[in-house]
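For reference, the structure is listed below as structure tokens.
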Amino acid sequence: VIDAIRAMTKEDLPFVLHLWRTTDGLTLSEDVDSPEALNEFVSRNQAHCFVIEHGKRIIGAIIGGTDGRRGYLYHLAVAQDQRKKGYGRALAESCAKSFEQIGILKCHAMVRSDNPEGRGFWEHLGWQRREDVEILSFISPRLRDC
Ligand SMILES: CC(C)(COP(=O)(O)OP(=O)(O)OC[C@H]1O[C@@H](n2cnc3c(N)ncnc32)[C@H](O)[C@@H]1OP(=O)(O)O)[C@@H](O)C(=O)NCCC(=O)NCCS
């Protein structure tokens, strides 16, 4: 399974976006998930963004990024007909390992609270649900214009 993983490229993005758009449980944001913004994110975080290609099709993807302090994982998805084969684990672990390799020893997966299945997956992998931390967000009024 690990052999099927490779780094995400700019050329993958239309196919990755298609996968994400057709995956329940993920929410795309217009500002950060536009093709331009994703291209910028992936080029800044090349070591932490992965796809799984099966034939000519992208069947799995994850993007990770870091501010140099912690790692953040977003948008893990495996195509419905390819689940429960170990691809999701391989993507998650590749991303965490890529952070470990640059000395980032803690990373966080972003899961919506209305996605208990997604949370169940991360917990099954041994990732810890945090009771001691909450996210508080400043949302710029400019976001309305995106
Ligand atoms: C979550 C998701 C990525 C899992 O992908 P997958 O390829 O089916 O996962 P894997 O086959 O690698 O599963 C790895 C392990 O987790 C377990 N698992 C998979 N989905 C699970 C779930 N929803 N709850 C609990 N355990 C789960 C598997 O049984 C497997 O166990 P094992 O290694 O002990 O045998 C996939 O279901 C998906 O794309 N879901 C929609 C998007 C989403 O919710 N993403 C995560 C939140 S951002």
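The values are calculated or read from the model by the stated rules, or taken from the named source; none is laboratory data. Keep in mind that what you see is a predicted model, and the values were worked out from it rather than measured. A quick note on method: Cβ atoms are made from the backbone with ideal geometry, for glycine too, and the neighbour counts reach across all protein chains shown.
Within segment 117-131, residues that are in a helix (DSSP H, G or I) reach partners that are surrounded by 11 or more Cβ atoms within 10 Å (Cβ to Cβ) and of a type in the set (Val, Ile, Thr) with beta carbons closer than 6 Å, at six or more positions or on different chains, in the pairs Gly118/Val111; Arg119/Val111. Assuming Gly103 fulfils every condition listed in (1) in a loop (DSSP other than H, G, I, E, B); (2) modelled with pLDDT of 95 or more; (3) near the ligand (Cβ under 10 Å from one of its atoms) apart from one, which condition is it? Of (1) in a loop (DSSP other than H, G, I, E, B); (2) modelled with pLDDT of 95 or more; (3) near the ligand (Cβ under 10 Å from one of its atoms), only one is false for Gly103: (3).
Pairing residues of segment 3-14 that are of a type in the set (S, T, N, Q) with residues that are assigned to a helix (DSSP H, G or I), at Cβ distances under 8 Å and at least 6 apart in sequence or on separate chains, gives Thr9/Val42. Restricting Ala77, Ala109, Ala61, Ala90 to those that are crowded, with 19+ Cβ neighbours inside 10 Å, among the aliphatic types (A, V, I, L, M), within 16 Å of the ligand (Cβ to nearest atom) and within 26 Å of Leu136 (Cβ to Cβ) reduces the list to Ala109. For Leu105, only one of the following conditions fails: (1) farther than 14 Å from Tyr72 by Cα; (2) out of contact with any strand residue (DSSP E or B) (no Cβ under 6 Å at 6 or more places or on another chain). What is its number? Leu105 satisfies all of (1) farther than 14 Å from Tyr72 by Cα; (2) out of contact with any strand residue (DSSP E or B) (no Cβ under 6 Å at 6 or more places or on another chain) except (1).
Any idea how many residues of segment 23-71 are of a type in the set (S, T, N, Q) and touching a Leu at 6+ places or on another chain (Cβ under 7 Å)? Lay out the reasoning, then the answer.
Step one: list which residues in segment 23-71 are of a type in the set (S, T, N, Q), which gives 23, 27, 29, 34, 39, 43, 45-46, 66.
Among the residues that remain, those that are also touching a Leu at 6+ places or on another chain (Cβ under 7 Å) are: 39.
Number of matching residues: 1.
Considering segment 86-116, the residues that are in contact (Cβ under 8 Å) with a residue 40 or more places away in the chain and of a type in the set (A, V, I, L, M, F, W, C) include one that is nearest to Val51 (Cα to Cα), namely Leu91.
If you filter segment 48-58 down to residues that are more than 13 Å from the chain's Cα centre (by Cα) and touching a residue at least 24 places away in the same chain (Cβ under 8 Å), you find that the one that is nearest to Leu13 (Cα to Cα) is Ile58.
Pull up segment 8-27, narrow it to residues that are in contact with a helix residue (DSSP H, G or I) (Cβ under 6 Å, 6 or more places away or on another chain) and in a loop (DSSP other than H, G, I, E, B), then point me to the one that is nearest to Gly65 (Cα to Cα). So the residue we want is Met8.
Filtering segment 132-146 down to residues that are of a type in the set (D, E, K, R) and part of a loop (DSSP other than H, G, I, E, B), which residue is nearest to the ligand (Cβ to nearest atom)? Full working, then the answer.
Narrowing segment 132-146 to residues of a type in the set (D, E, K, R): 132, 134, 142, 144-145.
Remaining after also requiring part of a loop (DSSP other than H, G, I, E, B): 132, 134.
Details: Asp132: 21, Glu134: 18 Å.
The qualifying residue nearest to the ligand (Cβ to nearest atom) is Glu134.
For segment 83-95, the set of residues classified as outside any loop (DSSP other than H, G, I, E, B) and either out of contact with any strand residue (DSSP E or B) (no Cβ under 9 Å at 6 or more places or on another chain) or farther than 26 Å from Asp31 by Cβ (or both) consists of Tyr87, Gly88, Arg89, Ala90, Glu93, Ser94, listed by residue number.
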